[in-house]
Structures are given as structure tokens and as C-alpha cells.
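The structure under discussion appears below in the form of C-alpha cells.
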Amino acid sequence: MENLQQLFIEAGTLMLTGMVFVFTFLGLLIVFINVVLVKLAKKYPDAIVESRASSKRNNNKQDGKSVSPAVVAAISSAVKQYRQQHSAQK
Amino acid sequence: MESLKLLWMSTGLANFELGQVIMMLVGCGLLYLAIARNFEPLLLVPMGFGAILTNIPVAGFSEAGGLLHFIYYAGIDTGIFPLLIFMGVGAMTDFGALIANPKTLLLGAAAQFGIFATLFGAIALNFVGLDFSMKDASAIAIIGGADGPTAIFLASKLAPDLLGAIAVAAYSYMALVPIIQPPIMRALTTEDERKIEMAQLRHVTKVEKIIFPLGVLMMTIFFLPAATPLVGMFCLGNLMRECGVVDRLSSTAQNELINIVTIFLGLGVGSKLSADQFLNAKTLGILALGAVAFSIGTAAGVLMAKLMNKVAKEKVNPLIGAAGVSAVPMAARVANKVGLEANPHNFLLMHAMGPNVAGVLGSAVAAGILLALVG
């Protein structure tokens, strides 16, 4: 019985330290994302954003006849996702 | 006559023991769940078949020199197979939703309460005559992380005797996520809370996605080196996916390699489903504790989301908290489905992927803690 009591105390300590550590670790990760990654994102934006702008310019030149591949990809993935959701609901 | 008798003695019929027959039926049961009910078929088919093979009398699949013996010791005892699977999972994981909404990491952390609370449950079962040591209890508790490879990795290190039962419990409950989670989610949330719509996620740049796995690895090296085998392989897979220069490797890690390893992992785990290791009261205890671990993890995630809503200005739908128990992407789909029931225009899938992948990291960290403190 005494041995069991000791095991319970050990389990309690493990739970406390474990949860505190998991929260601290993932909390630090939040800080890492907010401090490092967000700054990096501002400093090095994606090339896609530029290509969108350039494709807009291209579109203007061609009187809007062609649609940029990025837009096509976005629309088709949205449609695909909607269909998947729709079929999953059924 | 003598040779006829010898021939009879070498047949399966003459050598069957009751335990072997029961375990073969368990193997058939796993095959049924996989094939007819589509429960985690990728793992349960080889695992169920492995269970049948390992219980064949005379053939000696799991004895020294047998095929399954080699597979088990080469891949599972060493921890290589679960780690390779983890690399593949990393290559399949998109951290975009998590980076866009980092506070969902807290939901992934809260859901790990299921793991640590189950430790108590496992120790408490000693009162009813089961004999679980702290190592056993830790290996069982990790089922609450809802992460198959992590559970197998930890069980192979802390309690190899219980590996079969733990793996069966972990994968069974992962398949049962759509049945276990929704009642708990509905019980802990109001209709209005389930209707909460969340703001659209921001765009996450390529540089962020490349630096993220490196950052996670760096933090694990600094604070929890015991978790680096799991987190390291996961981050390698993820970096291969995001860096954009090794698409071939990334594709192999998330397709061919993970498929090959899954076959062997299933067979290896199946080899542990022998009568003497599986047919005992401990297995029943493990199955019961697994369900408790899952339920507590789900509840903790939902309650954490509710707590965050009390403190933060920007509301989160508490349903996505349930996705904190990893089980990617099933748990996120469940959150999405329950959300759609309350509000047909509310698509929570992408929002739920944040806590979902946070849960994978959380359970790897929890496994590292258990390894460091108990192992």
C-alpha cells in the first residue's frame, strides 16, 4: 500500500512537471513564431505575391483575356474542397 | 506407422493451443475491422495478419530466427520503424495553419492532459490487482496522445511486453475518433459556441515554413534532447517538404518509404500479439485506459479553447480544441463536421489543423518528457 502511495505521488509529480513543460515548450514556440517568423515573413515575402502583381500587369496588357495560373489553382482547389465537404456530409 | 505419427505431430492441428486459436481470431477481428469497417486499414491489415502468422504452431515466426522475430528486433525494438514513419508524417504535415494562428499551440498542449491524467488511472488499476509499474503506466498513458508511431516508440522503450496491446488500443481508438469525440464536444459546448466563426487565416510565407521545423528542432535540442529522435525525424520530413529543392525525397518519405515501413511496422506489432502477452487482464486494463485517455484529452482541448475565449479578444471555436489530440487529420475533420452541424456555413477544417498538428508536436514532447523522467 505504501508502495502504491509512492507511485501515486510519483505520477502526480510527473503530471505536474509534464504539463508545465509541455505548456512552456509550446508557449515558447508561440513566442518564436510571433517574434522570429512574423518578422521574417515581412522581410522576405513570398515570390507569389510579386508574380501575382506581374500577372496582373500581364493581364492588363492582354486586355484580361488570360487568367493567371495562381487564380485557376486557387479556384479549382476551392471547388475540390467544397465537393469533398459536400460528399463527406452525405 | 511411426512416420505417419511424426507427420501428424508436425501438423498445425496436433499442435494448436487454445490461446493461439483465440489470438488468430483476434487477428481475424482486426482484419475484419480494417477491411469491412475501414478502421485504420493501412496498419490493421498487416497487424492482423502478423497476429495470425505469429500464432501459427511449429512455424516459429516469432521465435529466434523467425521472420517476424527479425522484423521486430530490427525495426521496432531499435525504434527505427516508428521514427521513419514519423519522418513521413512530417513530410505530409503542413504547419501553415499553425503558424498563421500560433495560439492554437495551447490547445495542442492542453490535450496532452489526457496522457498525464491516464498515468493516474494506470497506477490506480494496481488496486484491482493489476501490476503496472511507472514505466508500464507511462507507455499506456501515451495512447492519449493519439499518435500511433509515438505510442509504439515509447512502448518499445518503456514496456515492450505491453507493446501489442498498446498499439492495438492506440490505433483502434484513433479509428474510433469520429465516435468517441463528438458526444464529449457537444456536452462541453453550447450551441452558440459551436457556431463561432473564425477569422480567415493569414498567408504563411515559404521562408516561415522552412524556418519553423528548424526552430522546433533547435528548441528541442536546447530543452528536451530526449524527444529529439521523434521531433528530429519529424522536422527532417517537414523540411524536405517545405524547402522545395528535394521534392523527390519528400515524395519518397510520404509515399513509398512510409508504405514500406508501415507493412513491416504492422507485421512487427502483430508479432507481439501472442497469447501469453495479450490474453490477460492487463490488456483489458490498457483498452479501458486508452478510451479514458482519449476522452480526457478531447475534453481538456475543448475546455482550454473555452478558457482562451474568456481571456482573449479574438474568439476561437471551442470545437477545434478537440483536434488537439493529434490523430491527424481525423480529429480536425471531426471538429469540422460537428461545426457544420451547428452552422452549415462554418468551415473549421483549416482552423482545426492548427491544434491538430500542435497535438503531434505536443505528444512528441510529452513522450520525450516521459522518456527523460521514467525511461
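The values are calculated or read from the model by the stated rules, or taken from the named source; none is laboratory data. No experiment lies behind these values; they were computed from the predicted model shown. We place every Cβ from the backbone using ideal geometry, glycine too, and count neighbours over all the protein chains shown. Side chains are part of the model used for accessible areas, which takes the heavy atoms of the whole protein and leaves out ligands, DNA and RNA. Shrake-Rupley method; radii C 1.70, N 1.55, O 1.52, S 1.80 Å.
Looking at (1) open to solvent by 10 Å² or more (accessible area, probe 1.4 Å); (2) facing chain A (nearest Cβ under 10 Å); (3) not polar (S, T, N, Q), which one does residue B:313 not meet, given that it meets all the others?
(2)
Select, from B:155, B:141, B:117, B:137, the only residue that is of a type outside the set (Phe, Trp, Tyr), in contact with a Leu (Cβ under 6 Å, 6 or more places away or on another chain) and at the interface with chain A (Cβ under 8 Å from one of its Cβ atoms).
Of the residues listed, the single one that is of a type outside the set (Phe, Trp, Tyr), in contact with a Leu (Cβ under 6 Å, 6 or more places away or on another chain) and at the interface with chain A (Cβ under 8 Å from one of its Cβ atoms) is B:137.
Here is a list: A:47, A:73, A:88. Which entry is at pLDDT 80 or above and small (Gly, Ala, Ser)?
A:73 is the lone residue from the list that is at pLDDT 80 or above and small (Gly, Ala, Ser).
Just checking, does segment B:276-283 include any residue being among the β-branched types (Val, Ile, Thr), open to solvent by 20 Å² or more (accessible area, probe 1.4 Å) and modelled with pLDDT under 95? Let's see the steps before the verdict.
Taking segment B:276-283 first, the residues among the β-branched types (Val, Ile, Thr) are B:283.
Next cut, open to solvent by 20 Å² or more (accessible area, probe 1.4 Å) only: none.
So far as segment B:276-283 goes, no, none of its residues is among the β-branched types (Val, Ile, Thr), open to solvent by 20 Å² or more (accessible area, probe 1.4 Å) and modelled with pLDDT under 95.
Somewhere in segment B:330-342, is a residue more than 30 Å from residue B:52 (Cβ to Cβ), of a type in the set (S, T, N, Q), open to solvent by less than 30 Å² (accessible area, probe 1.4 Å) and without any contact (Cβ under 8 Å) to a residue 24 or more places away in the chain?
yes
Kindly indicate whether residue A:80 is surrounded by 10 or more Cβ atoms within 10 Å (Cβ to Cβ), under 30 Å from residue B:365 (Cα atoms), more than 8 Å from chain B (Cβ to nearest Cβ) and at pLDDT 85 or above. I'd like the intermediate steps shown before the answer.
On the way: surrounded by 10 or more Cβ atoms within 10 Å (Cβ to Cβ): yes; under 30 Å from residue B:365 (Cα atoms): no; more than 8 Å from chain B (Cβ to nearest Cβ): yes; at pLDDT 85 or above: yes.
In short, no.
Considering only segment B:173-192, how many residues are open to solvent by less than 40 Å² (accessible area, probe 1.4 Å) and part of a helix (DSSP H, G or I)?
So the first thing to find is which residues in segment B:173-192 are open to solvent by less than 40 Å² (accessible area, probe 1.4 Å), and the list is B:173-175, B:177, B:180-182, B:184-185, B:189.
From what's left, part of a helix (DSSP H, G or I): B:173-175, B:177, B:180-182, B:184-185.
The qualifying residues number 9.
Just a yes or no: is a residue in segment B:219-239 aromatic (Phe, Trp, Tyr), open to solvent by 50 Å² or more (accessible area, probe 1.4 Å), within 27 Å of residue B:368 (Cβ to Cβ) and assigned to a helix (DSSP H, G or I)?
Yes, segment B:219-239 contains at least one residue that is aromatic (Phe, Trp, Tyr), open to solvent by 50 Å² or more (accessible area, probe 1.4 Å), within 27 Å of residue B:368 (Cβ to Cβ) and assigned to a helix (DSSP H, G or I).
Being outside any helix (DSSP H, G or I) and on the phi < 0 side of the Ramachandran plot is the filter here, so list the residues in segment B:124-166 that pass it.
Within segment B:124-166, B:130, B:131, B:132, B:133, B:147, B:159 meet the criteria.
Would you confirm whether or not segment B:269-291 contains a residue that is in a helix (DSSP H, G or I), under 29 Å from residue B:223 (Cβ atoms) and in contact (Cβ under 8 Å) with a residue 60 or more places away in the chain?
If we filter segment B:269-291 for residues that are in a helix (DSSP H, G or I), which is where we start, we get B:269-270, B:275-278, B:281-291.
Of the ones still in play, those that are also under 29 Å from residue B:223 (Cβ atoms) are B:289-290.
Still in the running and in contact (Cβ under 8 Å) with a residue 60 or more places away in the chain: B:289-290.
Yes, segment B:269-291 has at least one match.
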